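Engineer: Submitted below is the structure of interest, expressed as structure tokens.
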Amino acid sequence: MYSWEMLSFNIHDGFLEAIVRGNRSGLLTAADYNNLCQCETLDDIKMHLSATEYGPYLQNEPSPLHTTTIVEKCTLKLVDEYKHMLCQANEPLSTFLQYITYGHMIDNVVLIVTGTLHERDVNELLEKCHPLGMFDSIASLAVAQNMRELYRLVLVDTPLAPYFSECITSEDLDDMNIEIMRNTLYKAYLEDFYKFCAKLGGATADIMCNLLSFEADRRAVNITINSIGTELTRDDRRKLFSNFGLLFPYGHEELAVCEDVDQVRGVMEKYPPYQSIFAKISYGESQMLDKAFYEEEVRRLCLSFEQQFHYAVFFAYMRLREQEIRNLMWISECVAQNQKNRVHDSVVFIF
Amino acid sequence: MAGRANIPANSSALIAIIADEDTVTGFLMAGVGNVDLRKKTNYLLVDNKTTVKQIEDAFKEFTAREDIAIVLISQYIANMIRFLVDSYNKPIPAILEIPSKDHPYDPANDSVLSRVKYLFSADSVASDRR
Amino acid sequence: MSGQSQRLNVVPTVTMLGVVKARLIGATRGHALLKKKSDALTVQFRAILKKIVATKESMGEAMRASSFSLAEAKYVAGDGVRHVVLQSVRSASLRVRSHQENVAGVKLPKFSHFVDPAGGASGGPSGASPSLTGLARGGQQVSACRTAHVKAIEVLVELASLQTSFLTLDEAIKTTNRRVNALENVVKPRLENTITYIKGELDELEREDFFRLKKIQGYKRREIERQMIEAKKFAEEQLAEDLALKRGISMGAATNILVGGGDKDDDIIF
């Protein structure tokens, strides 16, 4: 199977893989991060970044820089790269690339729905949407008053339509439901993406399924921890877990009944890949869990570059860039707020 | 006395905020935000598109509203409308200048704190002065 | 001082003196009382000053902590979380309550914050119950951020009441001191001046009276003396006349008769 893939892969996707691998070498290295961590002001950061691929995006920014500006510009670069890749892509790579953005799309839909619920200005809302998750009819989302209308008027034309079938039952939109809706959608999205990747087969399926399983498991753990002490019932919690991944199905059953962090830990330690993550965190502390997960994710994403002729590099690249933007945001926040001793707490080195 | 008459015995009042996006977000998370039926908010989000006029208007509106007890204003924004802040002398609503993360707090600019500092250093002289 | 030349426009009488004296006593007592009040306020004022400085510093700390926790939340939950928060505002769950505190007759407003359970149900992220914001990622950071901001609000509310007290007290102290000064420098000197004026005036009246009496006395004495002299003169004349009568004819008449008779009187019979 692999040999067959190697024969035909470069016909359609060789160029883009070359591009993405080229882009990957543009990611900031540990040396860059070390330099950035030494910065005293945001202008210093800008200076350091101007030597990297972010340079052209930041060079025209006037001097009183804000963290948000830096993040915005960096995101813009990511979006530009993504659009470039999408333009060049053939089927089924183009579909794959679009799948990557569905997560943002879900966030945007939820944002607009929330805004509409509180009767905010639609244009104002559109400005705040993530550029990766834009679709044509997004502005008309605002007219919808309940789930059924939302689906019938707008979402039926978007790729998100199938995901809504699960949560269309809830008629009324309130804040609680919206958050549940977001997670239900995301769950459906992950499952769909998983199926799509499995269908592609070959190395893509191999690596992507691994990555998506990790994502699903991480979500399950996070949802469990974050819903402790909230009004979310066990059954609801269970429903938000994606139906694949290492934890599926027995781990999910156990997670669904967890009442505190240590119980979650007990469940997770039964799974060898996650044992190492939880081993890093001391008992009773859950704050560092996110970082541990991010580190593990980055490790896995980097590994995907070790193989050739598969689509997971695109996914990995997008995710790594996002992580990089998060890192940059963290560093600039720390610099802006004069909390330099905390810089190393959350930066995840990519290489 | 100015302070005596207009202390409302209101059982619940709001905290108004004029600050940058992050500060506002944080305080809204804490549950300070309020939007009434006419979609009037008790906060003003100041970004680089906000004009000084808007800030002035918001400040005047917040200080005139009866249901607001405290107005929090980022210091760098307060500096933009310093003349208004300085000329404001009613005890309620109380104006508080808060630091924002992009702009480190400068006690010298705080109208109240500078008075406090002045009185503090002039404390020994104060008794003679009076 | 300007007050020294001033005095009340009164008729200088003994009754008025009594009235003014009573007013002076009143003013002195009032002055003492106000002075005490001013001292009490100043004590309070200084305590508040110290607290304000301390709270301002802790506010810096709290604000730093809270904005940093927001950065943490944004790092984990993504930048989008702030839009979610901004969009889901409905009604405030964290409100302040104001009540008054009485310090030496000055009403100081005090704020205290409380969580309004009515507002807590709506408005997404609220203080009442942990919401589901950032359920899939960063929920803990979001709630940590919320706690940090609630703490910051606590400090800010405290600071607000201190600051309001500061302004009110400042105003009150100024008024009180103005009154003290007015009593001390204007009212009391004026009353004192009036008293001295009345006293002086009364003294003068007395002196005038005395002088007048003296004058009248002198006049009377002079008159008596004059009368005495007159009387003496009269008595002397009387005496001389008496003497002449005793001689039968007055000397004058005698001469007259002699002179007249010798010149013109021709029908004299004898």
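The values are calculated or read from the model by the stated rules, or taken from the named source; none is laboratory data. Computed from a prediction, not measured in an experiment: that's the story for all the values here. For neighbour counting, all protein chains shown are included, and Cβ atoms are generated from backbone atoms with ideal geometry for every residue, glycine included. To get the accessible areas, we keep the full protein, side chains included, count just its heavy atoms, and leave off ligands, DNA and RNA. Shrake-Rupley method; radii C 1.70, N 1.55, O 1.52, S 1.80 Å.
Engineer: Report P(r) for region A:204-309: all Cα-Cα distances, bin width 10 Å, range 0 to the bin holding the largest distance, values in whole percent.
Structural biologist: Each 10 Å bin holds this share of Cα pairs: 15, 47, 30, 8, 1.
Engineer: Computed on protein heavy atoms with a 1.4 Å probe, what is the summed buried accessible area for the chain pair C and B, in Å² to the nearest 100?
Structural biologist: Chain pair C/B: roughly 4900 Å² of buried accessible area.
Engineer: Another one. Find the accessible area per residue for region B:10-58; the probe is 1.4 Å, ligands and nucleic acids are left out, and the unit is Å².
Structural biologist: 40
Engineer: Would you list A:Glu306, B:Glu97 from the most to the least accessible area, probe 1.4 Å?
Structural biologist: From most exposed to least exposed: A:Glu306, B:Glu97.
Engineer: Shape verdict for region C:26-100, please, from the Cα gyration tensor: rounded (a/c under 1.5), prolate (a/b greater than b/c) or oblate.
Structural biologist: oblate
Engineer: Taking every residue in C:95-106, how many Cβ atoms of other protein chains lie within 10 Å of its Cβ, on average?
Structural biologist: Numbers: counts 11, 11, 6, 12, 4, 4, 0, 0, 0, 0, 1, 3.
Counting other chains' Cβ atoms within 10 Å and averaging over C:95-106 gives 4.
Engineer: Now for a different question. Per residue of C:152-164, count partner chain C-beta atoms within 10 Å of its C-beta, then hand back the mean as an integer.
Structural biologist: For peptide C:152-164, the averaged partner shielding equals 6.
Engineer: For Cα pairs less than 8 Å apart in space and 6+ apart in sequence, what is the mean separation divided by the residue count of region B:29-106, i.e. the relative contact order in percent?
Structural biologist: With pairs under 8 Å counted, the relative contact order is 25 percent.
Engineer: In square angstrom, what is the accessible area per residue of chain A with a 1.4 angstrom probe?
Structural biologist: Normalised by residue count, the accessible surface of chain A is 42 Å².
Engineer: Taking all protein chains together and a probe of 1.4 Å, list C:Val14, C:Val103 from the most accessible to the least accessible.
Structural biologist: C:Val14, C:Val103
Engineer: Do any chymotrypsin sites (Phe, Trp or Tyr not before Pro) in region A:189-290 lie in a DSSP loop with no more than 12 other beta carbon atoms within 10 Å, and if so, which?
Structural biologist: Filter output for region A:189-290: A:Tyr283.
Engineer: By the gyration tensor of its Cα atoms, with a ≥ b ≥ c the square roots of the eigenvalues, what is the shape of region A:1-148: rounded for a/c under 1.5, prolate for a/b over b/c, or oblate? Intermediate values should be presented prior to the final figure.
Structural biologist: On the way: a/c = 2.77, a/b = 1.05, b/c = 2.63.
Oblate.
Engineer: If DNA, RNA and ligands are ignored and the probe is 1.4 Å, what is the ranking of A:Tyr294, C:Tyr197 by accessible area, most exposed first?
Structural biologist: I get C:Tyr197, A:Tyr294, largest accessible area first.
Engineer: Rounded to the nearest 100 Å², what is the sum over both chains of accessible area buried where A meets C, with a probe of 1.4 Å?
Structural biologist: About 3400 Å² of accessible surface is lost on pairing.
Engineer: Under 1.5 on a/c is rounded, so check that first for chain A, then, if it is not, pick prolate when a/b is larger than b/c and oblate when it is not; a ≥ b ≥ c are the square roots of the alpha carbon gyration tensor eigenvalues.
Structural biologist: rounded
Engineer: Within 10 Å of each Cβ in peptide C:55-64, how many partner chain Cβ atoms are there on average? Round it to a whole number, please. Write out the running numbers ahead of the final one.
Structural biologist: Details: counts 0, 9, 2, 0, 5, 5, 0, 2, 10, 7.
Average per residue, whole number: 4.
Engineer: Ok, one more. Given a cut-off of under 8 Å on Cα pairs at least six residues apart, what relative contact order in percent is computed for region A:204-309?
Structural biologist: Relative contact order for region A:204-309 comes out at 26 percent.
Engineer: Using Cα-Cα distances under 8 Å and only pairs 6 or more residues apart, what relative contact order does chain A have, in percent? Don't skip to the end; give the middle numbers.
Structural biologist: Values: 348 pairs, mean separation 73.9, N = 351.
For chain A, the relative contact order is 21 percent.
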